[in-house]
Structure formats: C-alpha cells, structure tokens
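Written below as structure tokens is the structure these notes are about.
The values are calculated or read from the model by the stated rules, or taken from the named source; none is laboratory data. Bear in mind that the values here come from a model prediction, so they are computed numbers and not experimental data. In this analysis, Cβ positions are derived from the backbone assuming ideal geometry, glycine residues included, and neighbour counts consider all displayed protein chains. Accessible surface is based on the protein model in full, side chains and every heavy atom, while ligands, DNA and RNA are left aside. Shrake-Rupley method; radii C 1.70, N 1.55, O 1.52, S 1.80 Å.
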Amino acid sequence: MSEELGITFEEIDRAGVVTLDRPSRLNALSREMFEALTTHYRRWAPAPHIYGVVMQSTHPTVFSSGGDLKVLHELCEQGAIEAICAFYRAAYTQVWTLETFIRPNVPLINGLAFGGGVGISLLGTHCVAAEGYRFAMPQVGIGFLPDIGGTYFLPRLLGSIGTYLALTGRVIGPAEAYRLRLASHYIPSSCFGVIKDAISDNHPVDRLLDGLHRDPGEGELVRHTPVINRAFSAPTVEEILKRLDAEEGEDASFAHETAAEMRKKSPTSLKIALAQMQLGRTLDLADALKLEFRLALHLVKTHDYREGVAARIAGKGCAPDWEPANLADVDQAAIERMFTTPVEDELVLPERNFVP
C-alpha cells in the first residue's frame with residue numbers, strides 16, 4: 001500500500017500490522033484510508049496464517065485526529081455532497097467491518113484518538129491505552145454529531161457519562177478510559193514493541209495483555225460523577241444547562257465550566273446528540289450506524305456543518321456563527337424529522353457472517 005495514502009499494511013509472521021503514517025495531517029482519516037482498512041480487514045478475516053492485527057501510529061503524540069476536515073471543508077466549498085456522503089459511508093462501513101472481525105485486534109494508542117480515530121479502534125476485541133492516550137468525541141463543536149458508532153457505545157457507558165462526553169467533547173485520559181471500558185488495558189508505550197512481536201509470534205493475546213496491564217489510577221472525573229449524573233440525566237438540553245447553572249458547593253466550578261463549554265457548541269448539534277443518546281440504548285450497532293448515516297446526510301447540507309468545519313479549518317480559532325444561535329430557536333420538529341426521514345441510498349451493511 002502506497003505511503004502516499006497515509007496508511008500502510010504489512011504481514012509480519014502471524015500478525016497483520018496497520019500503521020497510520022500521515023503525521024503532517026495528524027493521521028486524519030480520508031475516505032480512501034477507511035476503504036483500505038475495510039479491504040484489508042476483510043482479506044485478513046479468513047486468512048489462516050493471520051492470528052491477529054496490530055494497529056499503530058508513527059506520530060509520537062497522535063493516534064488519529066479523526067476524519068479529514070480539510071478535505072471535507074474543500075468538498076463543502078465545492079458543494080460536493082455526494083463525495084461527502086461517500087466519505088461517511090466508507091467510515092461507517094469500516095466500523096462495522098471491525099465489529100465483525102473475529103480475530104484479535106489490538107490498537108496501540110499513545111496519543112490523541114478523536115472522532116474517527118475512536119471509530120477505527122474501539123469496537124475490536126481489545127484497545128490498549130498508554131500514558132499519552134487522549135479520547136474525545138468533539139463533533140458537536142463542528143456542527144455535526146457524535147458518530148462513527150457513538151450512538152451505540154456512548155449511551156452504554158456508566159451512568160450519564162456518555163451523554164456528558166457527547167455534549168461537551170471533553171478530552172479524557174487513559175485512567176478514565178479504562179474505568180469506562182473504552183480501553184481494555186492500560187500498558188506503557190515502552191511495551192508496544194513487545195506486544196507486536198508477541199502477536200506476530202502467535203502468543204495468546206489475553207494472557208499477554210493481562211500480564212502487561214498496569215493500574216492507571218482513578219481518573220479525573222470520578223469525583224464529578226454525581227453532578228454529571230444529576231445534570232445529564234435531564235430530558236432536554238435546556239434542563240441539563242439549568243441543572244449545571246444551579247449547581248452549588250464543591251462541584252459548582254466544574255458544573256459552570258461545563259455549561260459554558262456546552263454553550264460554545266452548535267445548538268442544533270446538541271439537540272441531535274442528546275436525542276442520539278436517548279435512543280441509542282435501544283439500538284444495536286448496525287442500526288446505530290444506519291441512523292448515523294441518515295443523520296449525517298441530513299446534516300452535511302446544513303449551515304452549521306459548513307460553518308463548523310470552515311471555522312475549524314480556516315477560521316483560525318474564530319467562534320462559529322451557528323444558525324440558530326440559541327437552543328430556544330432550534331426547530332424540534334425538524335430534528336425529529338432528521339431521525340425518521342430516509343435519505344437516498346441509505347447505509348447497507350453486510351451480515352455478520354459475510355464472506356469476503
């Protein structure tokens with residue numbers, strides 16, 4: 001596979017090795033990268049000589065920053081909606097391919113794993129977080145939605161923490177990720193070579209990772225769990241903010257800062273994200289991805305998506321100009337229609353026992 005793609009694939013003895021190698025773009029994921037991942041995972045799934053897959057990054061502090069917003073911005077400027085849709089189709093198809101991949105899959109993460117970077121790593125058999133691991137689902141900050149499986153895995157986290165992560169885009173480290181089971185193991189990055197060599201040598205992966213695992217500590221959010229659960233269990237975004245604003249005592253500063261951060265996000269995206277979290281507990285992953293594709297195709301035609309992506313890429317830190325700018329002005333009926341109105345060529349996923 002050409003290095004120009006930003007991702008390489010090797011077979012080292014019994015291991016398939018995927019290397020994210022696009023450092024100048026912080027390993028941002030293109031449609032072609034998603035498609036290449038799907039092709040290789042489907043090729044390796046029935047291969048008798050492959051014991052498992054290791055995924056790694058050449059960047060010292062980034063696993064993957066998520067989808068390639070620069071490309072998406074250019075496509076928005078061109079009005080190339082079909083190409084944007086093809087990007088999200090490729091992304092969600094890869095998430096499903098990883099879910100159906102029955103061999104050991106071990107991403108080694110010692111840096112940022114945001115958005116799409118979570119999607120290509122979370123739903124395999126294992127997920128190794130090292131000391132530099134940083135997780136976030138920041139999509140509501142660009143007028144989008146916590147996608148690439150977020151509808152499925154975020155609502156299944158402890159209490160209301162998934163809703164908190166979806167509506168704030170909060171970055172969490174390895175201790176919190178391990179406590180929330182977003183990572184299966186906490187292992188120092190100095191052991192990554194050992195892991196890759198052992199999987200190449202067909203060493204049983206569970207025994208290997210369990211032996212290398214270390215206690216990452218308690219995490220930063222444990223002490224804020226009560227206020228997170230109190231506020232983010234509310235039925236509306238407005239009520240969440242009201243509860244955060246009203247918080248007093250030792251959690252007041254945390255609550256007020258959280259509310260201030262939420263108010264920077266797209267009001268429309270906040271409403272969509274909360275509806276996702278409320279519905280997501282009832283959906284399996286396939287249905288969650290199909291819903292996300294439908295929502296994505298509706299959202300890519302909106303002002304907030306174009307504005308959010310442009311502000312992130314070309315705005316040089318300028319705050320996006322959301323429309324509407326206030327939660328009270330969001331058309332709730334229009335939000336509900338996004339969830340129920342089919343789009344052309346909706347996402348179709350193969351059965352779990354697909355034959356490559």
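Under 27 Å from Pro204 (Cα atoms) and open to solvent by 10 Å² or more (accessible area, probe 1.4 Å), is that true of Gly141? In short, no. Considering each residue of segment 297-315 in turn, at least one proves to be charged (D, E, K, R), at pLDDT 95 or above and within 24 Å of Leu75 (Cβ to Cβ). Set side by side, the residues Tyr88, Tyr41, Tyr51 differ, and just one is modelled with pLDDT of 95 or more, within 14 Å of the chain's Cα centre (by Cα) and aromatic (Phe, Trp, Tyr), which is Tyr88.
For segment 97-128, the set of residues classified as closer than 21 Å to Ala296 by Cα and among the polar types (S, T, N, Q) consists of Thr97, Ser121, listed by residue number. Only a single criterion out of (1) open to solvent by 40 Å² or more (accessible area, probe 1.4 Å); (2) farther than 30 Å from Ile12 by Cα is not satisfied by Asn202, namely (2). I'm checking my understanding of the structure. Among residues of segment 37-67 that are β-branched (Val, Ile, Thr) and in contact with a helix residue (DSSP H, G or I) (Cβ under 8 Å, 6 or more places away or on another chain), which one is farthest from Val18 (Cα to Cα)? Within segment 37-67, the match that is farthest from Val18 (Cα to Cα) is Val62. There is at least one residue in segment 80-96 that is open to solvent by 10 Å² or more (accessible area, probe 1.4 Å), assigned to a loop (DSSP other than H, G, I, E, B) and closer than 22 Å to Leu299 by Cα. Could you tell me whether Glu248 is acidic (Asp, Glu) and either over 28 Å from Tyr186 (Cα atoms) or open to solvent by less than 30 Å² (accessible area, probe 1.4 Å) (or both)? So Glu248 passes the test. Taken over segment 221-239, the criterion of being out of contact with any Ser or Thr (no Cβ under 8 Å at 6 or more places or on another chain), open to solvent by less than 50 Å² (accessible area, probe 1.4 Å) and in contact (Cβ under 8 Å) with a residue 40 or more places away in the chain is satisfied by Leu221, Val222, Thr225, Val237. Within the option set Phe192, Phe114, being surrounded by fewer than 21 Cβ atoms within 10 Å (Cβ to Cβ) and of a type in the set (Phe, Trp, Tyr) holds for one residue only, Phe192.
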